[in-house]
Amino acid sequence: MANRLRLTALAALAMLNVFALAAGLAVAGLLPAQLARWRLPRVAAERLTAPGVVLPVPPTSHGLAAALSPLIAQPTLGSHVGVIVTDLATGTVLFARGSTIPATPASSAKLATAVGVLGPSARFTTRVVVGPAPGSIALVGGGDPTLAAGPYPAGQYPQPATLAALASQAAHWLLARGEHTVRLRYDDSLFTGPVTAPGWSASYISTGNVTPITALSVDQGRLTKADQPENRDDPLNYRPRSLTPDAGAAAAFARFLHGQGIRVLPGITAVPAAAGEGRAGVVPTGAVTIASVRSPDVASIAGWMLRESNNVIAEYLARQVALHTGRPASFAGAAAAVIAADARLGVHGGIHLVDGSGLSTLDLITPLALARLVGLAGDGRQAALRAAATGMPVAGFSGTLAPGQSVFGGFGRAALGMVQAKTGNLNTVLSLAGIVSDASGRPLAFAVMADQIPRGELVPAAGVIDRMATTLAGCGCHG
């Protein structure tokens with residue numbers, strides 16, 4: 001046991017310590033407050049190469065086949081199963097079964113969005129400007145998926161921008177000029193096209209999976225307790241969403257202004273369209289900004305998205321990639337931008353997307369492409385991609401791999417803290433892709449996809465995939 005821990009530590013140093021760091025951070029968040037005083041190591045900006053350290057020998061194809069084949073053959077997985085295991089250090093394929101056949105990825109598609117997202121230090125700004133008419137102000141959406149209504153708890157990380165802070169700034173500006181009454185408009189023109197994607201179920205909004213995607217929303221479109229009774233089983237993530245998140249954000253902003261002594265006239269609407277235009281208008285270029293708040297950095301937002309498999313954040317980030325690369329901030333433009341960004345990083349082919357979250361049943365990714373995305377995030381060669389690795393949930397500890405947080409979570413002891421992966425599930429679809437440290441301490445990338453699971457077999461099938469991950473963690477597989 002001591003030898004295995006030593007080898008795991010050495011391998012983690014050699015591989016950017018990505019895997020061990022994320023597990024350590026998850027544990028630090030769960031254990032008593034005293035643990036928070038420990039100084040956790042930081043991920044280096046460059047790939048670590050410890051002199052004299054030799055990584056353990058990777059498992060063999062024969063050994064992996066012997067360990068995984070009986071699980072892949074389980075009828076509960078259905079007839080369309082793809083599996084791949086690669087050496088994280090070299091990218092060498094160690095085992096593959098159906099790895100080049102596209103399958104519906106569900107939320108593991110968020111790995112494509114996370115890897116393709118723009119620079120990790122970028123932030124998104126929500127503004128209030130004067131106009132467009134005299135005596136009016138406009139709330140301008142900047143595509144911040146984390147914008148919140150009121151203050152978050154002090155311990156919440158990352159701390160999102162809030163409408164409360166924005167209203168305080170705007171009220172201070174207005175009151176300083178003797179203005180106590182305004183007309184409020186809102187501008188959500190940054191995003192274009194339909195607000196729901198092809199292949200989305202009509203129930204996604206009412207069940208709380210996602211909200212219509214607009215450039216302005218608050219609390220990711222979740223209905224407040226005043227609008228909807230709280231679901232005690234999951235009061236936040238699956239609260240039904242608003243059908244008009246932009247208007248809802250503007251109404252919430254008006255309430256915060258009222259609390260600061262500013263009366264908002266009835267009739268909050270979108271900025272009027274210019275003559276001859278059929279859509280909501282855009283505030284004039286050069287309009288005076290009187291208040292602004294900025295989102296957390298993209299790296300923090302991407303980690304948030306991956307940990308809780310947040311669909312709204314994924315769609316917003318994909319659109320920001322589109323804007324960054326000069327494409328329309330629509331579903332089509334965002335999907336094309338993410339695919340192109342991934343291709344520039346070396347994942348050529350194997351990815352077909354129509355959204356950024358994986359909610360659409362029309363999305364297709366090969367297990368090979370998923371493993372390559374994991375490799376890009378986890379091999380340490382590109383520091384800008386680290387958030388896509390450190391943000392993935394850790395088995396038994398965090399996010400959708402924490403106990404009771406998804407259909408996954410039935411991991412054996414060997415996998416706890418040793419598997420870090422992105423989950424995905426729809427009605428008949430399961431996927432799991434990420435990093436595992438095997439019994440010898442060798443970091444491996446893996447992807448498992450099954451998109452024809454028999455009805456009623458989703459939970460048992462997830463248990464089989466849990467066992468695959470546990471097998472990889474507990475098996476040297478050198479036979």
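The values are calculated or read from the model by the stated rules, or taken from the named source; none is laboratory data. Please read these numbers as outputs of a predicted model, since none were measured by experiment. Cβ sites come from the backbone with ideal geometry, for glycine too, and all protein chains shown count toward neighbours. Calculation scope for accessible area: heavy atoms of the full protein, side chains included, ligands and nucleic acids excluded. Shrake-Rupley method; radii C 1.70, N 1.55, O 1.52, S 1.80 Å.
Annotations for the structure displayed:
- Highest average packing first - 329-339, 101-111, 289-299, Cβ atoms within 10 Å: 101-111, 329-339, 289-299
- The charge dipole of segment 266-398, taken about the Cα centre with unit charges on the Cβ atoms of Lys, Arg (+1) and Asp, Glu (-1), comes to about 240 debye, rounded to the nearest 20.
- Protection proxy ranking of 166-176, 210-220 - average other beta-carbon atoms within 10 Å, highest first: 210-220, 166-176
- Inverse of mean 1/r across different Cα pairs in segment 372-479, Kirkwood, Å: 14.0
- A cut-off of 5 Å between modelled amide H atoms, ignoring neighbours fewer than 5 places along the same chain, links residue 290 with 128, 129, 130.
- Kirkwood radius and radius of gyration were both taken over the C-alpha atoms of segment 387-446, and their ratio Rg/Rh is 0.96.
- On full extension, the segment bounded by residue 413 and residue 324 gains 27.7 nm, given 0.36 nm per residue less the C-alpha separation.
- Computed packing ranks the peptides 320-328, 67-75 as 320-328, 67-75, most packed first, by mean other Cβ atoms within 10 Å.
- Across the accessible surface of segment 351-405, with the other protein chains kept in place and a 1.4 Å probe, carbon and sulfur atoms take up 55 percent.
- Karplus-derived 3J(HN,Hα), 6.51/-1.76/1.60, for each residue of segment 191-196, Hz, glycine and proline x: 9, 10, x, x, 9, 10
- For a label point 7 Å along the Cα-to-beta-carbon line of residue 69, residues of segment 337-367 with backbone N under 14 Å: none
- Global form of segment 326-384, assessed from the alpha-carbon gyration tensor, a/c cut-off 1.5: oblate
- Segment 296-450: radius of gyration over Cα atoms, expressed as a fraction of 2.2 N^0.38 Å: 1.01
- Whole-angstrom gap from segment 241-258 to segment 86-107, using each part's C-alpha centre: 44
- Basic side chains Lys and Arg get +1 at the Cβ, acidic Asp and Glu get -1 at the Cβ, and with that the dipole of segment 320-462 about its Cα centre reaches some 300 debye.
- Shape class of segment 298-363 from the alpha-carbon gyration tensor: rounded, with the ratio a/c of largest to smallest axis under 1.5.
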